[in-house]
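Peer 1: Mind having a look at this structure? Questions to follow.
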Amino acid sequence: MKKQKSKKILQWATSDVVLNVLVYLLNLIFILFLFIGAIYINSVSDGMKYESWLTDSSNFIHFFILLVLLVALMAGYFFFEDRNFLKNPVNSEMIFLIIEMSLLICHVSGNYLNFYVRPLALATLLTLFLTDKKKAVFISMIYCLLTFLFDSLGTANITIDEYPIMLMGFASSIITVFVLENVYSRIKLLVMSLLLSVPSVICVGMMLINSSNSSWWIELIFSACSGPFTVSAFIVLLPIFETVFTKVSKFKLAELTDHKAKLIRKMITQAPGTFNHAIVVSNIAEACAIAINEDALLARTCAYYHDVGKLRRPEFFKENQADGINPHDDLTPELSANIIKSHTQDGYNLIMKNRLPKEIADVCREHHGTLPILYFYGKAQKFTDGEVDIAQYCYAGPKPQTKIAAIIMIADGCEAAARSLQDRSRENVKQVVRRIVNERMELGQFEDCEITLKELNIIIHTVVNNLTGIYHSRIEYPKVNLDGIDLQ
Ligand SMILES: [Fe+2]
Ligand SMILES: [Fe+2]
């Protein structure tokens, strides 16, 4: 795995590295200007402190060094924790923009509305819905430290202790991550936003209740409004980030798995067999994603759409041949294989045409990797009595590029195999799942997605549990002779 990772670093194009360095440098300068701008604006209300900033450059140097350290910490975190995310400079720019927008909104609302109403958890909430939980927790730390720097060095009219405010912001952000993580309705989000205000209310209450400030209760009301204010700003900003960075938020994913979504409706009516298969695969994929700490909702959505390409010719796929008519009977094995193979690219095209997220389209194209279609390959061998080029019977790929795509590949293969099993005992299902994963490993299908052996073992265990749960053996009901029994 170490060898694989170092190979990945070398695979970075020079343009990726240059663009990433540029993004980090330009944003460092931009945050510095934001900070200077904040001091300049504050100079209107407190000229003395601004004056001291101009004469005492140590403040500026102090801030600059801390800012460089924070930005370097961010780059280091992404480099060691999620290199794929860092590789795309657009992702780095999105994270910086989230931080900068949040700093700006916090500064403006703190200065012109009320200091305690500031949406301190906004950066965390945006990161949570546009990326994942781990990144949201990390960004909440960076953002709280940045706000602390702004408050302690840049906010001229501040008269309170900044340490409790930093703690309050961090507590609010952590509540955001763990309470709002699985909330996909905007109304529910607004109702639950009151929970985000709890740390602010406690903190402000403790700081102001014994102070000489007679209007402490007004500050308390403003602090209680900080949660709903955070969520309102989030609801306005999220669609902008989704559009600009073509990102898929959890809201979007929840909408896409609704049975009223356009392509899902089409599958239900035109390819019901494929739709039912997708539902089972989605349950397995979701459980696997949870087990290895991947995005469960993204896995579920990708599974829903992984075979959407079959909509082009649904009757050519076994699960939709309810009337027993198989059009492949009249075709050559080569032509049949071409039709089967094309459902991956057809799915990709259909998803892109309907402007659905590219992450889902990529899984469509990758979920069979470069695997051979053995049924038609065997049929061709029988027909020709000679050598058949296996390359013509292999999916075009690419191989799974992400762990989610690998999960879908395994869940898809195992579901189809388990469905055709006569003996669905746990031991037999376990053997089949192991065989499917081993075959794919031997054919190098997981080479490009950094999935570990440990994760594959967890996935095997999860798939077996799910499949035995779905296809459990039922008690055979005895036939009862109802003749002569009066049920009235
Ligand atoms: Fe497929
Ligand atoms: Fe499938």
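Peer 1: Can you name every residue in segment 325-369 that is of a type in the set (Ser, Thr, Tyr) and either within 15 Å of ligand 2 (Cβ to nearest atom) or within 30 Å of Lys252 (Cβ to Cβ) (or both)?
Peer 2: Within segment 325-369, Ser342, Thr344, Tyr348 qualify.
Peer 1: Same structure again: Does Lys358 qualify as being surrounded by fewer than 21 Cβ atoms within 10 Å (Cβ to Cβ) and touching a residue at least 60 places away in the same chain (Cβ under 8 Å)?
Peer 2: Here the answer is yes, as Lys358 does meet what is asked.
Peer 1: Can you report the number of residues in segment 234-252 which are on the phi < 0 side of the Ramachandran plot and modelled with pLDDT under 90?
Peer 2: Final tally of qualifying residues: 11.
Peer 1: On to the next question. Among the residues in segment 434-446, are any touching a residue at least 60 places away in the same chain (Cβ under 8 Å), surrounded by 18 or more Cβ atoms within 10 Å (Cβ to Cβ) and within 16 Å of ligand 2 (Cβ to nearest atom)?
Peer 2: Among the residues of segment 434-446, at least one is touching a residue at least 60 places away in the same chain (Cβ under 8 Å), surrounded by 18 or more Cβ atoms within 10 Å (Cβ to Cβ) and within 16 Å of ligand 2 (Cβ to nearest atom), which makes the answer yes.
Peer 1: State whether the residues of segment 66-83 include one that is at pLDDT below 80 and part of a helix (DSSP H, G or I).
Peer 2: no
Peer 1: From Ala396, Ala380, Ala391, Ala417, grab the single residue that is within 13 Å of ligand 2 (Cβ to nearest atom), modelled with pLDDT under 95, surrounded by fewer than 24 Cβ atoms within 10 Å (Cβ to Cβ) and small (Gly, Ala, Ser).
Peer 2: Result: Ala417 is the single residue among Ala396, Ala380, Ala391, Ala417 that is within 13 Å of ligand 2 (Cβ to nearest atom), modelled with pLDDT under 95, surrounded by fewer than 24 Cβ atoms within 10 Å (Cβ to Cβ) and small (Gly, Ala, Ser).
Peer 1: Within segment 284-311, track down each residue that is within 16 Å of ligand 1 (Cβ to nearest atom) and of a type in the set (A, V, I, L, M). Break it down into steps so the answer makes sense when it comes.
Peer 2: Narrowing segment 284-311 to residues within 16 Å of ligand 1 (Cβ to nearest atom): 284-285, 299, 301-311.
Scanning segment 284-311 gives Ile284, Ala285, Ala299, Ala303, Val308, Leu311.
Peer 1: May I ask you to list the residues in segment 194-218 that are crowded, with 18+ Cβ neighbours inside 10 Å, of a type in the set (Gly, Ala, Ser) and at pLDDT below 85?
Peer 2: Ser200
Peer 1: Next question, about the same structure. Among the residues in segment 422-433, are any in a helix (DSSP H, G or I), closer than 22 Å to Val363 by Cα and away from ligand 1 (no atom under 15 Å from the Cβ)?
Peer 2: Yes - at least one qualifying residue is present in segment 422-433.
Peer 1: In segment 447-460, which residues are surrounded by fewer than 19 Cβ atoms within 10 Å (Cβ to Cβ) and more than 14 Å from Ala289 (Cβ to Cβ)?
Peer 2: Residues satisfying the conditions are Glu447, Glu450, Thr452, Leu453, Lys454, Asn457.
Peer 1: Cβ-Cβ below 8 Å, separation at least six or inter-chain, first residue in segment 337-348 and under 14 Å from Phe376 (Cβ atoms) and in contact (Cβ under 8 Å) with a residue 12 or more places away in the chain, second of a type in the set (Lys, Arg) and surrounded by 20 or more Cβ atoms within 10 Å (Cβ to Cβ): which pairs?
Peer 2: Every condition considered, the pairs that remain are His343/Lys310.
Peer 1: If the requirement is being under 30 Å from Val108 (Cβ atoms), hydroxyl-bearing (Ser, Thr, Tyr) and touching a Lys or Arg at 6+ places or on another chain (Cβ under 7 Å), which of these qualifies: Ser249, Ser226, Ser282, Ser215?
Peer 2: Matching residue, one of Ser249, Ser226, Ser282, Ser215: Ser226.
Peer 1: Let me ask something additional. For segment 81-108, what are the residues that are farther than 19 Å from Phe148 by Cα, surrounded by fewer than 18 Cβ atoms within 10 Å (Cβ to Cβ) and more than 17 Å from the chain's Cα centre (by Cα)?
Peer 2: Within segment 81-108, no residue meets the criteria.
Peer 1: Any residue that is buried (at least 19 other Cβ atoms within 10 Å of the Cβ) and either within 14 Å of ligand 1 (Cβ to nearest atom) or closer than 19 Å to Ala303 by Cα (or both) - is there at least one of those in segment 326-336?
Peer 2: No - not one qualifying residue is present in segment 326-336.
Each row is one residue, and each column tells you yes or no for (1) away from ligand 2 (no atom under 16 Å from the Cβ); (2) among the aromatic types (Phe, Trp, Tyr); (3) assigned by TED's automatic domain parsing to the domain that holds Glu455; (4) more than 14 Å from the chain's Cα centre (by Cα).
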residue	(1), (2), (3), (4)
Asp258	yes, no, yes, yes
Ala261	yes, no, yes, yes
Ile264	no, no, yes, yes
Gly273	no, no, yes, yes
Val280	no, no, yes, yes
Glu294	yes, no, yes, no
Arg300	no, no, yes, no
Arg312	no, no, yes, yes
Asp323	yes, no, yes, yes
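Peer 1: Name the pairs whose Cβ atoms lie under 6 Å apart, with the first residue in segment 406-422 and within 16 Å of Asn457 (Cα to Cα) and of a type in the set (A, V, I, L, M, F, W, C), the second within 8 Å of ligand 2 (Cβ to nearest atom) and in a loop (DSSP other than H, G, I, E, B), and 6 or more positions between them or separate chains?
Peer 2: Ile408/His306; Ile408/His367; Met409/His367
Peer 1: Any residue in segment 45-72 that is within 23 Å of Val108 (Cβ to Cβ) sitting within a Cβ distance under 8 Å of a residue that is surrounded by fewer than 16 Cβ atoms within 10 Å (Cβ to Cβ) and at pLDDT below 60? List the pairs, counting only those 6 or more apart or interchain.
Peer 2: Ser45/Asn157; Asp46/Asn157
The values are calculated or read from the model by the stated rules, or taken from the named source; none is laboratory data. Since the model is a prediction, treat every value here as computed from it, not as a measurement. All Cβ positions, even for glycine, are placed from backbone atoms using ideal geometry, and neighbour counts span all protein chains on display.
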